[in-house]
Amino acid sequence: MSVVTVDPPNATFPASGGTSTHFINSTYESRIAFKVKSSNNENYRVRPVFGFVEAKGKTKFEIVRLEGPVKDDKLMILWAEVPADETEPQAPFKGGAHQGDATILMKAT
């Protein structure tokens, strides 16, 4: 079983645009930081791009699809363990830390 999962793991949008809400779920015993990377930054926006998930917790994020051509894309959720007192979710990724990832498949129809 994966330590970090995304629910739901897929998103379908009309080509005219839309919004989808997802949760990053962690079964990890420690707090993690996450970073969201997109294969298509022209048509997608994510809120938040960086954040934290508490030990064995979950956090919500949104995907916004802007109007654009029909195309399949994906988001990657990169994650890394961080100390409980870490205040900057970008910090582990500036140093290249990356312990795992989860993928969201996105489709515009």
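Once label points are set 7 Å from the Cα along Cα→Cβ at both D7 and V64, what is their separation, rounded to one decimal in nm?
In this crude label model, D7 to V64 measures out at 2.6 nm.
Around V46, what is the net charge, scoring Lys/Arg as +1 and Asp/Glu as -1 over all other residues with Cβ under 14 Å from its Cβ?
Summing Lys and Arg as +1 and Asp and Glu as -1 gives +4.
Please give the net charge around Q99, taking every other residue with its beta carbon less than 12 angstrom from that of Q99, where Lys and Arg add +1 and Asp and Glu add -1.
Overall, the nearby charge balance is -1.
Any chance you could count the Lys pairs in the chain whose alpha carbons are under 27 Å apart, treating pairs 8 or more apart or on different chains as valid?
Count of close lysine pairs: 26.
Among (i) 15, 47, 28, 9, 0; (ii) 13, 42, 30, 13, 2, 0; (iii) 14, 45, 25, 10, 5, 2, 0, which one is P(r) over Cα pairs in 10 Å bins from 0, in percent computed from these coordinates?
Correct label is (i).
How many nm separate the modelled label positions at E29 and R45, each set 7 Å beyond the Cα in the direction of the Cβ?
4.1 nm
For M106, M76, give the ranking by accessible area with the largest first, probe 1.4 Å.
Ranking M106, M76 by accessible area, largest first, yields M76, M106.
Tell me the mean residue ellipticity at 222 nm calculated for the chain from its helices only (DSSP H runs of n ≥ 4, each -39500 (n - 2.57), averaged over every residue, nearest 500).
-500 deg cm²/dmol
The values are calculated or read from the model by the stated rules, or taken from the named source; none is laboratory data. Everything numeric in this text was worked out from a predicted model, so none of it was measured. Here Cβ is always computed from backbone atoms with ideal geometry, including for glycine, and neighbour counts include all displayed protein chains. Areas reflect the complete protein model, heavy atoms only, side chains present, ligands, DNA and RNA absent. Shrake-Rupley method; radii C 1.70, N 1.55, O 1.52, S 1.80 Å.
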